[in-house]
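Worksheet: the structure to be examined is printed underneath.
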Amino acid sequence: MKIAVGSDHAGFEEPPPYYKPALVEHLQALGHEVIDCGPSGPGSVDYPDFAKKVCEVILAGDAEMGVLLCGTGMGISMAANRFKGIRAAVCDRPEMAWLAREHNDANVLCLGKRLLSLREALNLIDIFLATPFSNGERHQRRVTKIDTVAEAS
Ligand code: RB5
């Protein structure tokens, strides 16, 4: 699978392990093709800029899924969810990663570096990528409404 990955400076936060390179290495070791949207070092950056890069790669069809990381996962998910067609889910436990895929057809997993051990973060990625959307009629109806309900109001 092609997966776009991005973070803010939390991806290189001290002390090691640095999460962003670790996520990239983990995905590559699983055989995925990673599109690394940056950043490439620890300098302070703004998470909306990297959410945008990942979302644009997905919306262009150059990646099927995305993984975003910031301190909490919250800011970068808020930015990502402004892009129509992106369903970014902040997950901090296995049930959330599983249900974000099965019920919400999430296409971006958002992780909080300051809230998760690296092992927990990698486990959430594995669950997210392994879980298919249910395709249940009610779930599809609701997912479709995510992109239309605001326009209709
Ligand atoms: C940056 O220090 C921090 O605010 C950011 O990584 C994230 O936690 C925001 O939601």
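The values are calculated or read from the model by the stated rules, or taken from the named source; none is laboratory data. Note that this is a predicted model, so its numbers are computed, not measured. Heads up, the Cβs are rebuilt from the backbone with ideal geometry, glycines too, and the neighbour counts pull from every protein chain shown. Surface accessibility is based on the protein's heavy atoms, side chains included, excluding ligands, DNA and RNA. Shrake-Rupley method; radii C 1.70, N 1.55, O 1.52, S 1.80 Å.
Taking the Cα centre of each part, how many Å lie between segment 23-47 and segment 81-148? Going from one Cα centre to the other spans 18 Å. Seen from a random direction on average, the alpha-carbon convex hull of the chain projects onto 8.6 square nanometres. Build a GNM of the chain with springs between Cα atoms under 10 Å apart, and of Asn81, Asn107, Asn135 the one that fluctuates most is Asn135.
A Förster distance of 25 Å, applied to the separation of the beta-carbon atoms of Asn135 and Glu56, puts the FRET efficiency at 0.40. Given q = 0.20 Å⁻¹, what are the Debye log10 I(q)/I(0) values for segment 57-107, with equal point scatterers placed on the Cα positions and solvent ignored? After summing over all Cα pairs, the log10 values are -0.69. When the pairs Lys84/Lys113; Lys2/Lys53; Lys113/Lys145; Lys2/Lys52; Lys20/Lys52; Lys20/Lys84 are compared against a 19 Å limit on Cα-Cα distance, Lys84/Lys113; Lys113/Lys145; Lys20/Lys84 fall above it.
Per atom type, the chain shows carbon and sulfur on 53% of its accessible surface, probed at 1.4 Å. Rolling a 1.4 Å probe over the protein heavy atoms gives segment 42-83 an accessible area of 49 Å² per residue.
Dipole of the chain computed with +1 at Lys/Arg Cβ and -1 at Asp/Glu Cβ about the Cα centre; of Pro21, Pro132, Leu118, farthest Cα towards the positive end is Pro132.
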